[in-house]
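Structure record follows, encoded as structure tokens.
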């Protein structure tokens, strides 16, 4: 049976856009919601180091692929580098005196180091797992515009642009994984990616909840109340992690491919918008 790959008409376009996110400085920028802001800031703090590992993971194998996939790897790296730059700028606006930013960043670096310590294949498998989760969250940002109600338009644009490009390149690392493990047995490939997702998915969701709770406690929240509020945001309303559990669990189907969830149609309007901005 022929393995699934990214549809030929899906192209990766790095859009070098600079966002003015000064409105995030010293505020609950997520619609004046302290919980939403703590969670989104926690996610943003993971991006610079996490996306650096994603880039290094596919770089390690770029000479093992060719054709369109080699071009996609090049453009994936360019997209992730720009994402990292823009989120670094957003992260600089978090009050480092008030919030435990350095502690959170140290925790993130420690977890990313586990990937590097395991070598290129561990990094690549971690990347495909986390890319699946970011694509899920990107879907929610497409569907739930109300999440960003009363949020500065430039900040909304940053997250929408990031979500759109995560969707656009959601299968690049996965296609690299398929190519460089083609000598593996189907059972070995399946077990490695599934066991890894069980570990990484659990750790990632738990870590984001922990970081957001730390942010709220720094504001004077009772820790248990903060934990409860974060849990509600992530798993009930707006259900950032739980809304697309069907897509999450599709990972465990034999023969899975990220483009099994084909949402090219919903990206078209966003792509036109951000392509125009990038061309200015």
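Data for the structure
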| read-out | value |
| --- | --- |
| Residues within region 38-81 that are in a loop (DSSP other than H, G, I, E, B) and closer than 13 Å to residue 120 by Cβ, tallied | 2 |
| Of all residues in region 219-242 being more than 16 Å from residue 33 (Cβ to Cβ) and in contact (Cβ under 8 Å) with a residue 12 or more places away in the chain, the one that is surrounded by the most Cβ atoms within 10 Å (Cβ to Cβ) | 241 |
| Selection count, region 136-146, where residues are over 15 Å from residue 44 (Cα atoms) and either assigned to a helix (DSSP H, G or I) or touching a strand residue (DSSP E or B) at 6+ places or on another chain (Cβ under 8 Å) (or both) | 7 |
| The one condition in (1) crowded, with 16+ Cβ neighbours inside 10 Å; (2) in contact with a helix residue (DSSP H, G or I) (Cβ under 8 Å, 6 or more places away or on another chain); (3) under 29 Å from residue 177 (Cα atoms) that residue 16 fails to fulfil | (1) |
| Filter result (closer than 15 Å to residue 70 by Cβ and more than 22 Å from the chain's Cα centre (by Cα)) within region 167-196 | 179, 180 |
| Among the candidates 251, 270, residue that is at pLDDT below 95, touching a helix residue (DSSP H, G or I) at 6+ places or on another chain (Cβ under 6 Å) and closer than 30 Å to residue 69 by Cβ | 270 |
| Residues satisfying the stated conditions in region 134-186, i.e. surrounded by fewer than 20 Cβ atoms within 10 Å (Cβ to Cβ), within 23 Å of residue 4 (Cα to Cα) and in contact with a helix residue (DSSP H, G or I) (Cβ under 6 Å, 6 or more places away or on another chain) | 180, 181 |
| Region 94-124: number of residues that are more than 30 Å from residue 188 (Cβ to Cβ) and not in a helix (DSSP H, G or I) | 7 |
| Tabulated pairs, region 178-194, first on the phi > 0 side of the Ramachandran plot and modelled with pLDDT under 95, second assigned to a helix (DSSP H, G or I) and crowded, with 16+ Cβ neighbours inside 10 Å, C-beta under 9 angstrom, 6+ apart or interchain | none |
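The values are calculated or read from the model by the stated rules, or taken from the named source; none is laboratory data. All figures in this text were calculated on a predicted structure; none of them were measured in a lab. Here Cβ is always computed from backbone atoms with ideal geometry, including for glycine, and neighbour counts include all displayed protein chains.
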